[in-house]
Amino acid sequence: MDLDLEGIELMLLIAAVVAVLARRLHLPYTVGLTLAGIALAFTPVKFDLQLTKNLIFSAFLPPLIFETALNLDWRELRSNGWVVLILVTAGVLIAAGIVAAGLHVGEAWPWPSAAVLGLLISATDPVSVIATFKEAGVTGRLRLLVESESLFNDGIVAVLYGIALAIATGGGVSVGAAAVDLFRSVAGGIGCGAAAGGLVLLLAGRTQDRLVEITFSSIAAYGSFFVAEHFHFSGVLATLTAGILIGNTGNLGAFSDRGRDAVMGFWEYVGFVANSLIFLLIGARLVAQHVLGAAAVASLTVALVLVGRAVAVYVCCGVFARTRQRVSARHQHILVWGGLRGALALALALGLPSDVPLHSQIVSVAFAVVAFSVIVQGLTMPLLLRRLGEIGEGRDPGAAG
């Protein structure tokens, strides 16, 4: 398929205009982009670039994850490791279980279909979460917890989603096989990322050319992802590992001073471009998805997702209430409302096999939940952060970076 370069240029122009307007209107940039995408769907303007699972996984996720990982402090991440681990394992299972049980009881959905939707919609999305919290200017431990959870929960969600999908389509998976798949996906992804990151650090140390160093970082971001996915490992964990490794050791001589500044600036821009395109496409696809036809079940699912997220966060954080890793009540409230859904859920939904029972309802409901998450939660997130004292009154939540 030919690349629609004219369409991409037009989308970037729209994104730049939206960024300016969002700042003036004090509107979160991601919300502005999604609303612009919805508005564009009602105009004669059409783009050949369509939101698909392959586009999200192949083009958008690697740069967004890598850019965030470059800025993650390994020492801080390690000091909060147990909290993140519990949230991305037990937290996902609790949230998915509540959604699945609610759909089974409230809408009489069969358990396999309910479990598929519960899993694909219960993981917080790195694209939406990272963009929203970066725009709001959140820093410190709260941002670390939010970003780390959204990045690391991909591994377990991908495996559990695959198990639920196999059951929904008539297959069967044993507990032992599921555990092996989970370990293989996580360990393999981390291994691929470490290998790619180590190779790039070795090569970057042999040049002072900042353009070559940027090229090496691009190879680490995309190469680690594609190699891991080729072997059915977690591509997100691979890119995340490569980014953390390069971000925390690249300043020890592997990258030149000019090269490191160039690499960080390059990935900040790439992140802006990826966010711009993905949220415009989400908004346009929302209109085509006919989510209003599933309004009743979508409303129930939104409520279940919020309840599931609240229970997961408060229960998981409660485990650390009397430890040094205690999470304050204020931060727990933000984690609940800041558990946005977005591109990751849509990628899984768009890749759903057509023979899954209630296929069209699952996809429509997933889009409806994402719409609520990005627009309603994204729009009110800066207000909550300001109310709880996490950002100052002077901070502009509409900033695009």
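Let me check I've understood the local charge: for Ile278, count other residues with C-beta under 14 angstrom from its C-beta, Lys and Arg +1, Asp and Glu -1. What total comes out?
On the way: positive: Lys53, Arg285, Arg341; negative: Glu67, Asp125.
Net of charged neighbours comes to +1.
Over the Cα atoms of the range 126-231, the radius of gyration divided by the Kirkwood radius equals 1.08; this is the Rg/Rh ratio. Placing a pseudo-label 7 Å from each Cα along the Cα-to-Cβ vector at Trp82 and Val311 gives an inter-label distance of 2.5 nm. Net charge of the neighbourhood of Gly265, taken over other residues with C-beta under 11 Å away and scored Lys/Arg +1, Asp/Glu -1, is 0. Taking the inverse of the mean reciprocal distance over all distinct Cα pairs, the Kirkwood hydrodynamic radius of the range 36-191 comes to 17.6 Å.
Per the Kirkwood formula on distinct C-alpha pairs, the Rh of the chain is how many angstrom?
Numbers: mean 1/r = 0.0468 Å⁻¹.
So the Kirkwood estimate lands at 21.3 Å.
Radius of gyration over Kirkwood radius for the range 324-370, both on Cα atoms: the Rg/Rh ratio is 1.23. Taking every C-alpha pair closer than 8 Å and separated by at least 6 residues, the mean separation divided by the residue count of the chain gives a relative contact order of 32 percent.
Per residue, the average separation of C-alpha pairs within less than 8 Å and at least 6 apart gives the range 257-401 a relative contact order of 28 percent.
Based on the reciprocal of the average 1/r between different C-alpha atoms, the Kirkwood radius for the range 232-391 equals 18.9 Å. Under the shape rule built on the C-alpha gyration tensor, where the axes satisfy a ≥ b ≥ c, the range 1-115 is oblate, since a/c reaches at least 1.5 while a/b does not exceed b/c.
Counting alpha carbon pairs within less than 8 Å and at least 6 residues apart, what relative contact order, in whole percent, applies to the range 209-311?
27 percent
Largest first, the residues Tyr222, Tyr314, Tyr269, Tyr161 sort by 1.4 Å accessible area into Tyr269, Tyr314, Tyr222, Tyr161.
Would you mind getting the accessible area per residue of the chain, heavy atoms of the protein chains only, 1.4 Å probe, in Å²? The partial results should precede the final answer.
Values: 16850 Å² over 401 residues.
Result: 42 Å² per residue.
If each DSSP helix of 4+ residues adds -39,500 (n - 2.57) and the sum is divided by the residues in the chain, what number results at 222 nm, nearest 500 deg cm²/dmol? Let's see the in-between values first.
On the way: 20 runs with 278 residues, N = 401.
When only DSSP H runs of four or more count, the value is -22500 deg cm²/dmol.
Solvent-accessible area of the chain (1.4 angstrom probe, protein heavy atoms only): carbon and sulfur portion equals 65 percent. For the range 289-342, the alpha carbon positions stretch 48, 16, 14 Å along the principal axes, listed from largest to smallest.
Of the peptides 35-47, 232-244, the order by per-residue mean of other Cβ atoms within 10 Å, starting with the highest, comes out as 232-244, 35-47.
The values are calculated or read from the model by the stated rules, or taken from the named source; none is laboratory data. Remember, predicted model here, so these are calculated numbers, not experimental data. Neighbour counts run over all protein chains shown; Cβ positions are idealised from the backbone, glycine included. We work out accessible area using only protein heavy atoms, side chains counted, and drop any ligands, DNA or RNA first. Shrake-Rupley method; radii C 1.70, N 1.55, O 1.52, S 1.80 Å.
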